[in-house]
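**Q** Sharing a structure, written as structure tokens. Questions coming.
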Amino acid sequence: MEILKSVAQLMALSARTAPKSHGIDFVEIKIVDDGAEIERLSREMVSFGERSGKENFDRDAESVANSQVVVLIGIKGAESVDLNCGACGFPCCSEMKAVPKTDLEFCGPQCAFRLLDMGIAIGSAVKTACLLNVDNRVMYRIGAVARSIGLVDWGYVMGIPLSATGKNIYFDRKR
């Protein structure tokens, strides 16, 4: 367990130092290593899936329940890079900013470059875990539930559960 906490800290370092658009960092990182908190997250994932009617929350909850650590990586208060690129679905950044934010599983719309920043941070973190031979898998469902239960208050978040057993528990899962 202690080694997985250390790996999570190294993953957080990798995510923090990953490149960010315009050099401005809106990436947030949280390590969940308390067994009771992981159990709560797993239970709430099952409940969220039942309430929403969305599939595979129970499957991913089982993966979380069998993990010793979960790393959360997201963005909070991410400002647009003001490129007017249209990748967010709006022709210019001012139009995106003027739209009231939705607050469903995630908060949006978001600047595509800030989502890319988050994705690069996640990629850097999982690369670190892989280099250290720690099984992991990026899961959007963890992030949606972490937001819904107030574990984080970020606009967008993904979860990365960690495990070190004789077989990778995140693959060959039932659909």
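**Q** What is the residue count in the stretch 98-133 for residues that are over 13 Å from F26 (Cα atoms), among the basic types (K, R) and either over 23 Å from the mean Cα position of the chain (by Cα) or modelled with pLDDT of 95 or more (or both)?
**A** 1
**Q** Could I ask something else about it? Residues of the stretch 110-153 being touching a strand residue (DSSP E or B) at 6+ places or on another chain (Cβ under 8 Å) and not aliphatic (A, V, I, L, M), which ones?
**A** Q110, R114, D117, C130, D135, N136, R137, Y140, R141, G143, R147
**Q** Here is a follow-up. Quick one: which residue in I142, I160, I149 is touching a Gly at 6+ places or on another chain (Cβ under 6 Å) and farther than 13 Å from E28 by Cβ?
**A** It is I142.
**Q** May I ask you to say which residue of A18, A87 is within 17 Å of the chain's Cα centre (by Cα), small (G, A, S) and either within 19 Å of V157 (Cα to Cα) or surrounded by fewer than 19 Cβ atoms within 10 Å (Cβ to Cβ) (or both)?
**A** From the options A18, A87, the qualifying one is A18.
**Q** Does at least one position in the stretch 120-140 carry a residue that is over 30 Å from K5 (Cα atoms) and out of contact with any helix residue (DSSP H, G or I) (no Cβ under 8 Å at 6 or more places or on another chain)?
**A** Looking through the stretch 120-140, none of the residues is over 30 Å from K5 (Cα atoms) and out of contact with any helix residue (DSSP H, G or I) (no Cβ under 8 Å at 6 or more places or on another chain).
**Q** Something else now. Between S67, S63, which is in contact (Cβ under 8 Å) with a residue 12 or more places away in the chain, among the hydroxyl-bearing types (S, T, Y) and assigned to a helix (DSSP H, G or I)?
**A** None of the other options fit; the residue is S63.
**Q** Another one. Exactly one condition in (1) of a type in the set (G, A, S); (2) surrounded by 15 or more Cβ atoms within 10 Å (Cβ to Cβ); (3) not in a helix (DSSP H, G or I) is false for A121; which is it?
**A** So A121 meets the others, but not (3).
The rows are residues; the columns are (1) part of a helix (DSSP H, G or I); (2) more than 19 Å from A164 (Cα to Cα); (3) of a type in the set (F, W, Y); (4) free of Cβ contacts under 8 Å to residues at least 40 places away in the same chain.
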| residue | (1), (2), (3), (4) |
| --- | --- |
| V7 | yes, no, no, no |
| A15 | yes, yes, no, no |
| P19 | no, yes, no, no |
| E28 | no, yes, no, no |
| L41 | yes, yes, no, no |
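**Q** Give the stretch 20-34 a look and list any residue that's within 19 Å of E79 (Cβ to Cβ) and either among the acidic types (D, E) or touching a Ser or Thr at 6+ places or on another chain (Cβ under 9 Å) (or both), or say none.
**A** Selection gives D25, E28.
**Q** T165 versus (1) exposed (fewer than 15 other Cβ atoms within 10 Å of the Cβ); (2) farther than 19 Å from V70 by Cβ; (3) more than 20 Å from the chain's Cα centre (by Cα): which is the lone unmet condition?
**A** Failed condition: (2).
The values are calculated or read from the model by the stated rules, or taken from the named source; none is laboratory data. In this text, all values refer to a predicted model and were calculated from it rather than measured experimentally. Quick reminder, even Gly has a Cβ in these numbers, built from the backbone with ideal geometry, and neighbours come from all protein chains shown.
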